[in-house]
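The values are calculated or read from the model by the stated rules, or taken from the named source; none is laboratory data. As the structure is a prediction and not an experimental result, all values here were calculated from the model. All Cβ positions, even for glycine, are placed from backbone atoms using ideal geometry, and neighbour counts span all protein chains on display. Calculation scope for accessible area: heavy atoms of the full protein, side chains included, ligands and nucleic acids excluded. Shrake-Rupley method; radii C 1.70, N 1.55, O 1.52, S 1.80 Å.
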Amino acid sequence: MNTTTTTTPATANGHRPPGSGQPARRRKPLRSYLEAYAFLGLLILTFAFFSLWPKTADTFLSAANLQVLIGGSTAIAIVALGSLVPLVCNEWDLSIGANAGLSSICVAIALTNGVSVPVAILIGLGVGLVVGTVNALLVTRLRVNAVITTLGVSIILAGVITLNTHGQGVSGNMPAEFTAFGTETWLGIPGTAYALAAVTALVYYLLCQTPYGRYLYAMGSSRSAAQLVGIRTRLILATSFVMGGALCGLGGVLLVARSGGADPRVGDLLTLPALAAAFLSAAAIKPGRYNVFGTLVAVYFLAVLNSGLSLAGAEDYITSFVNGGALIIGVALAVRLGSNQRTT
């Protein structure tokens, strides 16, 4: 008895037919890898450039500068992650810097008045939560545009900061164990970097490993489609602002631990680089999609670039050019890569 084997075109070229239960793996084209890791490569090249450039070679690779570069960027990174959570569903939070600034002021005032460290930390986190909750209620209940809401809230917070500080920094006898966490190193790595690693892991798990994160990304793709499949979009959006606010509060706590005080102007210095990093995340690791590790790549790219330029003797206004340009480029890339993802 002869048996014949019928070979379909699908199996002849190594692919299983549809419905076989084991779909064939499709290899990513080289272009996809280049898009995903080009920004990371740019970070490495920038780091190498300032390490070898005669103007900065002697100081850029010093242990002191690297510790400042890593430790000094942790608060910005956490605030950027705070802005990332609502940004995933295409909502901007412009109050992130003012939120972190007010939290730092409240923590510093509490510590200088003898409040214990745990309570002061809870105060900082509580301030962030309150601001995030106010944003959430205004956006979801009163239906005010998120950009207008958070811009207005940031202006109000700036007034609250001025009212409580009269434009003066807050410093004093900070508890040694609190400032030690911000200034000392463990195994050569600043203590605040460990806090950033923990927050990064938490936000990554939330966005990439839970239904909540999938809901956020679904809302970012199409809010109306998300509603049609039963996602409670108003609740999800509200919690994104609340969680983003809590992360900004934590960023304010780390600012005080790092500097031993609070600067009333720090909010203005945080907003632009944090937002730029969040938007630039769509150009790294997962092109066209705001993501956690892309945010960290963007944060440290801006940190390396600004540090190198500063060591080279560049004027202070150059930093504004870099951060502003990065924000514009980040938004443009997010739109371009996002449209490419939808058409493929």
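Per-structure values
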item	result
Pair residue 112, residue 156: separation of 7 Å Cα→Cβ label points (nm)	2.6 nm
Cα long-axis angle, helix 63-72 against the chain (0 to 90 degrees, to the nearest 10)	80 degrees
Pairwise centroid distance, computed over Cα atoms, of segment 131-182 with segment 202-226, Å	26 Å
Where segment 97-152 is the region considered: accessible area per residue in Å², 1.4 Å probe	42 Å²
Set of segment 113-128 residues, backbone N closer than 16 Å to the point 7 Å along the Cα-Cβ line of residue 198	117-126
Gain on full stretching of the segment that runs from residue 64 to residue 45 - 0.36 nm per residue minus C-alpha separation	4.7 nm
Computed lengthening from residue 217 to residue 36, 0.36 nm per intervening residue step minus Cα-Cα distance	63.3 nm
Reciprocal mean inverse distance between Cα atoms of the chain - Kirkwood radius, Å	21.6 Å
Inter-probe distance in nm under a simple model that places probes 7 Å from Cα toward Cβ, at residue 268 and residue 164	1.9 nm
The chain: most fluctuating residue of 285, 109, 231 per GNM, C-alpha cutoff 10 Å	231
Accessible area of residue 134 in the full protein assembly, 1.4 Å probe (Å², nearest 10)	60 Å²
Förster-model FRET efficiency, 30 Å R0, residue 185 and residue 318, C-beta, rounded to 0.05	0.55
Helix-only mean residue ellipticity at 222 nm for the chain, each DSSP H run of n ≥ 4 adding -39500 (n - 2.57), per residue, nearest 500	-24000 deg cm²/dmol
Gaussian network model of the chain, Cα within-10 Å springs - most flexible of 123, 78, 44	44
Nearest-10 value in Å² for the accessible area of residue 289, using the 1.4 Å probe	100 Å²
Residue 177 - accessible surface, heavy atoms, 1.4 Å probe, Å² rounded to 10	120 Å²
At 1.567 mPa s and 4 °C, Stokes D of segment 171-279 from Kirkwood alpha-carbon radius, µm² per second	79 µm²/s
Portion, in percent, of the accessible area of segment 87-213 that falls on carbon or sulfur, probe 1.4 Å	68 percent
Tensor-based shape of segment 110-186 (alpha-carbon gyration tensor, a/c under 1.5 rounded, otherwise prolate or oblate)	prolate
